[in-house]
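To start, the structure under review is shown below, and the notes come after it.
The values are calculated or read from the model by the stated rules, or taken from the named source; none is laboratory data. Keep in mind the model is a prediction, meaning the values are calculated, not measured. Note that each Cβ is placed from the backbone with ideal geometry, even for glycine, and that neighbours are counted across all protein chains shown. Heavy atoms of the whole protein, side chains included, go into the accessibility calculation; ligands, DNA and RNA do not. Shrake-Rupley method; radii C 1.70, N 1.55, O 1.52, S 1.80 Å.
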Amino acid sequence: MLELKGITKVYRTVDVETTALRDVDLSVTDGEFVAIMGPSGCGKSTLLNILGTLDTPTSGTYSINGELLTGRNEKTLAAFRRRHIGFVFQSFNLVDTLSVRENVELALLYRRVKPKLRRTKVDAVLDRVGMGHRARHRPAQLSGGQQQRVAIARALVSEPSIILADEPTGNLDSHHGREVLDTLASLNDEGATVIMVTHSVQHADVVGRLVSLRDGAIVADESRRRRLVAS
Ligand SMILES: Nc1ncnc2c1ncn2[C@@H]1O[C@H](COP(=O)(O)OP(=O)(O)O)[C@@H](O)[C@H]1O
Ligand SMILES: [Mg+2]
């Protein structure tokens with residue numbers, strides 16, 4: 001259970017002050033699939049970054065399973081992220097000079113996982129996102145949708161319980177966007193909590209909950225019956 005209470009985020013630069021989030025309360029239960037929608041600049045990425053502890057709120061509290069994360073030092077937060085969170089971004093952020101397998105393996109290198117086990121885990125996760133047959137390719141040899149699935153594999157290899165995706169289909173055409181969405185939906189079926197920022201209303205079909213933001217505030221929060229993904 002993720003719990004944000006009274007979260008406000010103000011960005012201050014020399015001459016401008018922007019309130020990106022105002023008094024946001026949001027609880028997400030384990031195993032939910034949540035979409036966050038709203039116009040550009042309404043605070044979606046800020047909200048996701050706070051959920052991922054990549055950014056800290058100006059005021060308010062964030063806790064997970066009753067444990068307060070707000071105010072913890074960076075070392076503690078980094079350990080929390082490594083253990084619990086997988087990030088997926090709009091730009092896939094793959095290393096062009098490495099193979100698909102090496103890109104995913106990179107996420108395990110600093111965890112002291114033995115090479116043989118590393119290889120087993122990487123291959124398993126690539127199979128899971130349907131990219132096992134492309135393990136030796138370079139990112140540039142893949143479609144955008146395939147690259148994003150590799151990025152999802154990289155996020156998954158450390159077995160996070162929470163996947164945070166910021167416009168994961170933003171750089172994809174609708175066909176490849178759908179593939180990525182199906183992948184996220186099947187991970188959710190297997191038990192992961194998925195929170196996804198999206199600008200596409202069509203994507204709202206596959207989620208169990210739709211949170212709408214305007215000017216930094218939640219203006220709607222609806223549960224919906226999840227439509228089965230055809231794949
Ligand atoms: N690092 C930052 N410094 C200053 N302003 C920022 C920063 N990040 C975001 N903002 C501002 O906060 C608001 C919300 O941004 P963001 O969360 O990125 O919106 P969205 O993802 O919905 O497009 C915007 O007005 C944006 O310009
Ligand atoms: Mg954004």
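Structure summary
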{"item": "Rh by Kirkwood over Cα pairs, then Stokes-Einstein D for the chain at 0.890 mPa s and 25 °C, µm²/s", "result": "135"}
{"item": "Label-to-label distance, nm, for residues given as ASP23 and ASP55 (7 Å Cα→Cβ offset)", "result": "2.0"}
{"item": "Ordering of 204-213, 102-111 by packing [mean C-beta count within 10 Å, highest first]", "result": "204-213, 102-111"}
{"item": "Lys, Arg +1 and Asp, Glu -1 on Cβ, resulting dipole of the range 35-113 about Cα centre, debye, nearest 20", "result": "240"}
{"item": "Gaussian network model of the chain, Cα within-10 Å springs - most flexible of SER63, SER45, SER161", "result": "SER63"}
{"item": "Among 13-25, 168-180, the order from most to least packed when residues are scored by Cβ within 10 Å on average", "result": "168-180, 13-25"}
{"item": "Three-way shape call for the range 75-201 based on the alpha-carbon gyration tensor, with the a/c threshold at 1.5", "result": "oblate"}
{"item": "Percent accessible area from carbon and sulfur atoms, the chain, protein chains only, probe 1.4 Å", "result": "48"}
{"item": "Tensor-based shape of the range 1-97 (alpha-carbon gyration tensor, a/c under 1.5 rounded, otherwise prolate or oblate)", "result": "rounded"}
{"item": "Relative contact order [Cα under 8 Å, 6+ residues apart], the range 155-211, whole percent", "result": "43"}
{"item": "Within the chain, percent of DSSP bridges classed antiparallel, to nearest 5", "result": "55"}
{"item": "Positive-end residue of SER27, LEU109, ILE152, charge dipole of the chain with Cβ unit charges", "result": "LEU109"}
{"item": "Accessible surface, per residue, of the range 90-231 when the full set of protein chains is kept, probe 1.4 Å, Å²", "result": "50"}
{"item": "Relative contact order (%) - criterion: Cα under 8 Å, at least six apart; region: the chain", "result": "28"}
{"item": "The range 65-143: radius of gyration over Cα atoms, expressed as a fraction of 2.2 N^0.38 Å", "result": "1.31"}
{"item": "GNM top mover of PRO160, PRO115, PRO139 - the chain, alpha-carbon springs below 10 Å", "result": "PRO115"}
{"item": "Packing-based ranking, highest mean first, of 4-11, 152-159 given that Cβ atoms within 10 Å are counted", "result": "152-159, 4-11"}
